[in-house]
Amino acid sequence: TELCGEGQGAAWRAGAELIDMKMISFCPTVTKYPTMYKGNILPYIFVTTGYGSLLNKYGKTFIHKYLSPKAEQLALESEWNKMLLSYAVQSEILAGKGTKHGGVYFSLPDHPQEILEELYHDLPSLKKGIYADIMKIFESGKSLVVQPAAHYFEGGIRINAKGHTSLPGLFAAGECSGGMFGANRVSAATTEMLVEGAQAGISAAMFASGRSMPLITSSDTEKTESELLAPFGRKNGISPNEQKQKLHEITAESLPVIRCEKKLTDALAQLEQLQNEEENIAFHDDSRVYNRQWREYLELRNMIPVAKAIVKSAMLRKESRGVHIRSDYFKTDNDHFLCNIVLQGKDMQAQKVPAVLTKTKPASGCLDYPEYIEQIVEMLE
């Protein structure tokens, strides 16, 4: 599947607010080369299970240069591994010690041979399908080239605890919404799916119950239809594929793991230009059946404003916090930025909203976590 910002883009066009859009987790070790395996996260699975090494182009380890021993341990043993390892890998690349293919090496030692045997014992699925093909690379003594890649949105549509957005009748939950995880996802995304999803569903049902909804007129649908079909009526124009490639280049340059003011400023101007050029997009294929150019165009309508929201939000937060790392503002600034950044309106006007800080003490009689685990173990035994 592809994530193109459909939820955030549609909600923004409808008038809903967006929150903390610059908070994006990166998966630190995503395959970059060989190209046929680009995007595969098998190296990350290896890292989380304790196998393999990250090496620069000189074949040397480097994580220790950027992380303290305690942070390095966290990077290997906790949900913080994505942010910490992404920072270390991106820093080594920026230091000019990445490979000729742009990332760093992920290597699996094959001596002693028993290491590979241990790996196949722990992960038997490696002997099947695409994994088996990738394992042949390691067994031949070669490595994969990996780099951080955008993985998960902590920010998104602004909602309250019941899933309400700022737009009456619109509810959101899951990765398209923002606020639950703040500056870094520290648990599985199922938290959003199960907890937020259930609450938003209840809220939506209560809103719709017994309510007469306004009728949608033909004039309402005709305006949207004309926007979606406009490129079919143009004989000459810009290819949506070319525009999408430009967008990828802009965001790759300005919104990697480590960001800075100049690149963000340049990106905002380039994104404004891309958005202005949307009315010049044209299709070479007139068919409406599985038209890939049409799909690219529909995705661009979401991707460009979402990218703008990320860049604007990243520019405004002149500090580093969680997954948002600024090379020009490397420290966390609680005096000025202990807040959420909310964007609203067609111009994405920004405002700082004080962060809600709560402390909860478990009710008497509740099991504390260690005791709970011990009881589960006893039951299993």
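The values are calculated or read from the model by the stated rules, or taken from the named source; none is laboratory data. If you're wondering where the values come from, they're calculated on a predicted model, not measured in any experiment. Counting neighbours? That spans all protein chains shown, and the Cβs are built from the backbone with ideal geometry, glycine included. Areas reflect the complete protein model, heavy atoms only, side chains present, ligands, DNA and RNA absent. Shrake-Rupley method; radii C 1.70, N 1.55, O 1.52, S 1.80 Å.
Side notes on the structure shown:
- Within segment 116-139, the set of residues being open to solvent by 50 Å² or more (accessible area, probe 1.4 Å) and of a type in the set (A, V, I, L, M, F, W, C) comprises ILE130 only.
- The sole residue among LYS308, LYS318, LYS235 that is in contact with a Leu (Cβ under 8 Å, 6 or more places away or on another chain) and open to solvent by 10 Å² or more (accessible area, probe 1.4 Å) is LYS308.
- Scan of segment 1-52 for residues that are touching a Pro at 6+ places or on another chain (Cβ under 7 Å) and either surrounded by fewer than 18 Cβ atoms within 10 Å (Cβ to Cβ) or of a type in the set (Phe, Trp, Tyr) (or both), ordered by number: TRP12, PHE26, TYR44
- None of GLN351, GLN273, GLN293 is assigned to a helix (DSSP H, G or I) and open to solvent by 40 Å² or more (accessible area, probe 1.4 Å) except GLN273.
- Whichever residue in segment 201-223 is polar (S, T, N, Q) and more than 21 Å from LEU300 (Cα to Cα) and, among such residues, is surrounded by the most Cβ atoms within 10 Å (Cβ to Cβ): SER203
- Residue match in segment 59-81 (condition: more than 15 Å from PHE138 (Cβ to Cβ), in contact (Cβ under 8 Å) with a residue 60 or more places away in the chain, open to solvent by less than 20 Å² (accessible area, probe 1.4 Å) and within 21 Å of the chain's Cα centre (by Cα)): no
- Candidates are the residues of segment 174-183 that are at positive phi and in a loop (DSSP other than H, G, I, E, B); the one that is most open to solvent (accessible area, probe 1.4 Å) is GLY179.
- Selection status of SER226, touching a residue at least 24 places away in the same chain (Cβ under 8 Å), surrounded by fewer than 18 Cβ atoms within 10 Å (Cβ to Cβ) and at negative phi: no
Residue by residue, here is whether (1) free of Cβ contacts under 8 Å to residues at least 40 places away in the same chain; (2) over 22 Å from the mean Cα position of the chain (by Cα) holds:
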{"residue": "LYS100", "(1), (2)": "no, yes"}
{"residue": "LEU116", "(1), (2)": "yes, yes"}
{"residue": "LYS127", "(1), (2)": "yes, yes"}
{"residue": "LYS136", "(1), (2)": "yes, yes"}
{"residue": "GLY141", "(1), (2)": "yes, yes"}
{"residue": "ALA149", "(1), (2)": "no, no"}
{"residue": "HIS164", "(1), (2)": "yes, yes"}
